[in-house]
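Below: the structure, in structure tokens.
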Amino acid sequence: MIEIQGLTKRYGSKLAVDRISFSVGKGEIVGFLGPNGAGKSTTMNIITGYLSATEGRVVIDGHEILEEPTEAKKCIGYLPEQPPLYQDMTVWEYLNFIYELKKAKTASRTKHLETVCGMVKIGHVKDRLISNLSKGYKQRVGIAQALIGNPEVLILDEPTVGLDPNQIIEIRSLIKSLSRSHTVILSTHILSEVQSVCDRVIIINQGVIVADDTERNLSEKLSKDKRYTLRVKAPQTDALTALSRLERVDSVRPHGQKEEGVYEFLLQPKENQDIREDVFELLRERDWPMLEFKHNAMNLEDIFIRLTDPAVAQSISKANRKEEEQSASKEKRKSRRFFGPKEEKEEESK
Amino acid sequence: MTAIFKREFSAYFKNPIGWVFLAIFWLFCGWGLFILVSAGYNMISYVFSNMIIVLLIGIPVLTMRLMSEEIRMKTDQALLTAPVSLSGIVWGKFLAALALFGVGMAMTVVDFIILSSFASPQVSIFVGNLIGLALMGGAFIAIGLFISTMTQSQLAAAILSFAVILFFYMLDGFASYAPWGWAVDLLTSISFFSRYNEFTNGILDYGNIIFFASVIFIFNFLSVRVLERRRWS
Ligand SMILES: Nc1ncnc2c1ncn2[C@@H]1O[C@H](COP(=O)(O)OP(=O)(O)OP(=O)(O)O)[C@@H](O)[C@H]1O
Ligand SMILES: [Mg+2]
């Protein structure tokens, strides 16, 4: 449904988006996650055709956004970071304007607009001037505006910002219910939003995609160093040597005394090994009471913090560049072969 | 394009801007009529040839917010991501401003009717005047719209448009002082007002019509280019 290849955006010398590629299938809800200034809004502005990319392609439902802008834009409903509202119009006038602007085709305009108003609960303010609405209501009008004409693709830039908790829950479930017939990309800073709404997370930092997977896979991949915390009532050195002798344990780190005579250890299993039973057997053998034993799985927050480390983005960007250079030099070699050995000699003599 | 035209035209009446423009325009028509009637002349062209003041003040007011406000409030995101072409956006806005200008011009018809009740009507001269004013107004609107696409400050857009119209107003003055023959030719050839004066004399010259029409097309085209370039910046 949405196909993005090698998207790059430069603002002057500032690289805001750096060779982003991903695709989103029909009916998917993708969460776009990243710290401030990561390039989320920029990417969304390019996907919707508001900005043009310095390099790269965006294809929406088979239509390239620059080659067939009208066709591509017809499938998109966009809620920008700042809802594009005309302050001097009433909500109803505004929605009518957007309906006409998008050249929406529905059986009955009034009915369609009323349905949309009902979805985001703005029916009772529809005759109010937009400039007099509160921030949350403006946001809702912004969402309504994106829904007009039933576009197949919804691009929502921080859709729940400024809403009250009840409304946040309602909008989330609205988005979830839309996913049956729509493809959605939404950006957010709120991790729980991604968890509750999205099928898939794309984490972006410094203009680079640092992760693109389901939340579950992400946490599994990242917790390769799946650690356990063990709290045991035993002499520290004895426990340490005994634990590290366990076959499936890769390493043990003492974590200090937590209570009188009670020590904590961080256990790191060898790859893909389950150490839980071994640990239990050992403690039973030695008669050391186990006071706590828990798995330190990474939650999305940990993943986020880990992946948005600038070093990660830099190394990915570097790897991308290297790949590009390699393929470029391969091309060169090819062309050299094509032009014969003469040039090669020339280059050598240089 | 029609959606943008309708929104823009109705916006003029929601803001003081549209009313300010009409007030200036109509005040001027009334004043011109008063002078003509009190002097006992039947010269509708007098009203038109003094319209320059209206253009000087009125057009910048009319065009300053057309794009600037959209850019400042980021409402252009709705327009540019809708299935509308950039030229559709520019022409919709241009025609809305021109339509309001037309509403202002309607008052000259009232002037004409009142004058006609005193003396025999000079229909052809009046029609020539109307066409001339609409064309020159359109040309200045296109220029003002172009300036408005370049800045997000309404005030800057208004002042710059004012300066440009003033420049064209004074062009004939420059021309008469220009020391070289070719400069005089050049300046008079792009002079809006000497062409406009031919209309007020009831002369319908195709060259003049084509001149103003080209100015409109060129500046609307430039506005489209500016919007296009903004995407790539
Ligand atoms: N018009 C512009 N000119 C220059 N730099 C810009 C422009 N717009 C954005 N940037 C820069 O591009 C980078 C990405 O910005 P973007 O707005 O896409 O971030 P974001 O991920 O949406 O952040 P946030 O979470 O704060 O909304 C930022 O470093 C920003 O400073
Ligand atoms: Mg943003």
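The values are calculated or read from the model by the stated rules, or taken from the named source; none is laboratory data. All figures in this text were calculated on a predicted structure; none of them were measured in a lab. Here Cβ is always computed from backbone atoms with ideal geometry, including for glycine, and neighbour counts include all displayed protein chains. Heads up: the accessible areas ignore ligands, DNA and RNA and are worked out on the full protein's heavy atoms, side chains in. Shrake-Rupley method; radii C 1.70, N 1.55, O 1.52, S 1.80 Å.
With A:Ile98, A:Ile155 as the choices, which residue is hydrophobic (A, V, I, L, M, F, W, C), within 26 Å of A:Gly27 (Cβ to Cβ), within 16 Å of ligand 2 (Cβ to nearest atom) and in the same structural domain as A:Ile185 (by TED's automatic domain parsing)? First the steps, then the outcome.
Working: A:Ile98 fails: within 16 Å of ligand 2 (Cβ to nearest atom).
Going through A:Ile98, A:Ile155 in turn, the sole match is A:Ile155.
Matching residues to (1) surrounded by fewer than 21 Cβ atoms within 10 Å (Cβ to Cβ); (2) within 22 Å of A:Phe304 (Cα to Cα); (3) in contact (Cβ under 8 Å) with a residue 40 or more places away in the chain:
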site: A:Thr160; (1), (2), (3): no, yes, no
site: A:Gln167; (1), (2), (3): yes, no, yes
site: A:Ile171; (1), (2), (3): no, no, yes
site: A:His189; (1), (2), (3): yes, yes, yes
site: A:Arg200; (1), (2), (3): yes, yes, yes
Among the numbered criteria (1) out of contact with any helix residue (DSSP H, G or I) (no Cβ under 8 Å at 6 or more places or on another chain); (2) on the phi < 0 side of the Ramachandran plot, which single criterion is violated by A:Ala53?
(1)
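Being among the basic types (Lys, Arg), in a helix (DSSP H, G or I) and either closer than 24 Å to B:Ile131 by Cβ or within 18 Å of the chain's Cα centre (by Cα) (or both) narrows it down to one of B:Lys93, B:Lys6, so name that one. Please lay out each step first, then the result.
Values: B:Lys6 fails: either closer than 24 Å to B:Ile131 by Cβ or within 18 Å of the chain's Cα centre (by Cα) (or both).
Just one listed residue meets the conditions, B:Lys93.
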Give me the pairs, please: first residue somewhere in the range A:21-43 and within 14 Å of chain B (Cβ to nearest Cβ), second residue anywhere and within 15 Å of ligand 1 (Cβ to nearest atom) and open to solvent by 50 Å² or more (accessible area, probe 1.4 Å), beta-carbon distance under 8 Å, and either six or more positions apart or on two chains.
A:Ser41/A:Glu81
Scan (1) more than 13 Å from chain A (Cβ to nearest Cβ); (2) of a type outside the set (A, V, I, L, M); (3) open to solvent by 10 Å² or more (accessible area, probe 1.4 Å) for the single condition B:Ser68 breaks and write down its number.
(3)
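This table checks each residue for (1) among the hydroxyl-bearing types (Ser, Thr, Tyr); (2) over 18 Å from A:Ile148 (Cβ atoms); (3) within 16 Å of ligand 2 (Cβ to nearest atom).
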{"residue": "A:Tyr50", "(1), (2), (3)": "yes, no, yes"}
{"residue": "A:Ile65", "(1), (2), (3)": "no, yes, no"}
{"residue": "A:Pro83", "(1), (2), (3)": "no, no, yes"}
{"residue": "A:Tyr94", "(1), (2), (3)": "yes, no, no"}
{"residue": "A:Lys103", "(1), (2), (3)": "no, no, no"}
{"residue": "A:Arg109", "(1), (2), (3)": "no, no, no"}
Exactly one of these conditions fails for A:Thr48: (1) under 24 Å from the mean Cα position of the chain (by Cα); (2) under 27 Å from A:Ser177 (Cβ atoms); (3) facing another protein chain (nearest Cβ under 8 Å); (4) surrounded by fewer than 21 Cβ atoms within 10 Å (Cβ to Cβ). Give me its number.
(4)
Here are the criteria: (1) more than 10 Å from ligand 1 (Cβ to nearest atom); (2) open to solvent by less than 10 Å² (accessible area, probe 1.4 Å). Tell me which single one A:Arg57 does not satisfy.
(2)
Could you tell me whether the range B:214-227 includes any residue that is open to solvent by 60 Å² or more (accessible area, probe 1.4 Å), modelled with pLDDT of 80 or more and within 14 Å of chain A (Cβ to nearest Cβ)?
yes
Residue hits (the range B:142-168; assigned to a helix (DSSP H, G or I) and of a type in the set (S, T, N, Q)) are B:Ser148, B:Thr149, B:Gln154, B:Ser161
